[in-house]
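The values are calculated or read from the model by the stated rules, or taken from the named source; none is laboratory data. Since this is a predicted model, take the numbers as computed values, not measurements. Cβ sites come from the backbone with ideal geometry, for glycine too, and all protein chains shown count toward neighbours. Side chains included, ligands, DNA and RNA excluded: accessible areas come from the protein's heavy atoms. Shrake-Rupley method; radii C 1.70, N 1.55, O 1.52, S 1.80 Å.
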Amino acid sequence: MISEKIQNLMKEVQKECDKEGVSSVCTLNKKGHVAVMITGGLKDIAFCLGAQERELDKQLPIPTKILRSAAVNSINNTNEKDKQHTYIIDDLDEIPNILSRILKGEM
């Protein structure tokens, strides 16, 4: 589980971003426990997502669209623990199988 200290820091950053009008999309993950922070309006969030995708495509060997699709599929197959964007992924080994099926055109 993500430590209370990190979660509190994330909340503090979120409040400061809201106060300063800074848009952000931030996701933290520790063994399937996920915390998500989103600030800003729809247009700015879309811009943040686009900038993330562009940078990830430069740094990762697999296109971001494939990774996102696999991750969303995996999350949709898990139980949502609570309404604060914390998810438990029961089997992290599922992601490579999903990626393989996507690359084969099965999904």
Diffusion coefficient, µm² s⁻¹, Stokes-Einstein with Kirkwood Rh over alpha-carbon pairs of the range 1-82 at 20 °C and 1.002 mPa s: 149 µm²/s
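Can you tell me the accessible area per residue over the range 1-58, all protein chains present, probe 1.4 angstrom, in square angstrom? Don't jump to the answer; show the numbers that get you there.
Values: 4380 Å² over 58 residues.
Solvent-accessible surface per residue comes out at 76 Å².
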Inter-probe distance in nm under a simple model that places probes 7 Å from Cα toward Cβ, at N8 and K31: 2.2 nm
Segment A46-M1, length gained on full extension (0.36 nm per residue, minus Cα span): 13.4 nm
